[in-house]
Amino acid sequence: MGDNGSTTTPAAGPGTPATWAAFEAAEPAFAATVRERFGQYTHHALATLRKDGSPRLSGIEADFRGDELWLGMMPHSRKARDLRRDPRFSLLANPGEGTGMGGGDVRVSGRAVEISDPRTLEWYAKEAGQPLPFHLFRVEPTEVVRTAVEGEELVLRTWTPGRPLRTIRRGNDDTPARES
């Protein structure tokens, strides 16, 4: 949905934001892995940009509904003001307890589109069981990354709109990383 709640999105090319649904259509297995990883915990970490350009890190509950990834926040929260001013963000899935990374380290970066359409806000409030008012943003990913340890290798999988999924592997030595 666009700023007004419509469902049109321009064709995605490298560096161009896409919808979550477009990401799922392009890379269904990878999208399922990322969604599952976010589903392990309720609270995650959202990075936004303050007015002076410095980073702000905030806790947030990310939510998958209607084939999209949503960010809901309290009225007039600092993170909402940040996103209204500059929609760029990065969202890190809760890493969980210890150092096992529980299925990998997952991050979604992109653009947060604020939703102002009353019907969409009412739909989301009903679906999420949250009372209005609140700020609601739809995620348009420009990069989705999963980092995991597989055997003796660190494996980095990266998706950007308009490009195929990339997998980079590196060991725990000075051997150069390789793309597979």
Inset, instruction - For residues that are in contact (Cβ under 8 Å) with a residue 60 or more places away in the chain and part of a loop (DSSP other than H, G, I, E, B), scanning just the stretch 139-175, find the one that is most open to solvent (accessible area, probe 1.4 Å). - result: 163
Inset, instruction - Would you mind finding the one in 120, 160, 167, 147 that is over 25 Å from residue 36 (Cβ atoms) and of a type in the set (Val, Ile, Thr)? - result: 120
Inset, instruction - Determine which member of the set 48, 9 is farther than 21 Å from residue 157 by Cα and at pLDDT 95 or above. - result: 48
Inset, instruction - Please verify whether the stretch 104-122 includes one or more residues that are over 13 Å from the mean Cα position of the chain (by Cα), touching a residue at least 60 places away in the same chain (Cβ under 8 Å), in a loop (DSSP other than H, G, I, E, B) and loosely packed, with under 15 Cβ neighbours inside 10 Å. - result: yes
Inset, instruction - May I ask you to list the residues in the stretch 31-48 that are in a strand (DSSP E or B) and buried (at least 17 other Cβ atoms within 10 Å of the Cβ)? - result: 44, 46, 47, 48
Legend entry - Residues located in the stretch 74-103, provided they are part of a strand (DSSP E or B) and buried (at least 20 other Cβ atoms within 10 Å of the Cβ): 89, 91
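The values are calculated or read from the model by the stated rules, or taken from the named source; none is laboratory data. Remember, predicted model here, so these are calculated numbers, not experimental data. Heads up, the Cβs are rebuilt from the backbone with ideal geometry, glycines too, and the neighbour counts pull from every protein chain shown. For accessibility, only protein heavy atoms count, side chains too; no ligands or nucleic acids. Shrake-Rupley method; radii C 1.70, N 1.55, O 1.52, S 1.80 Å.
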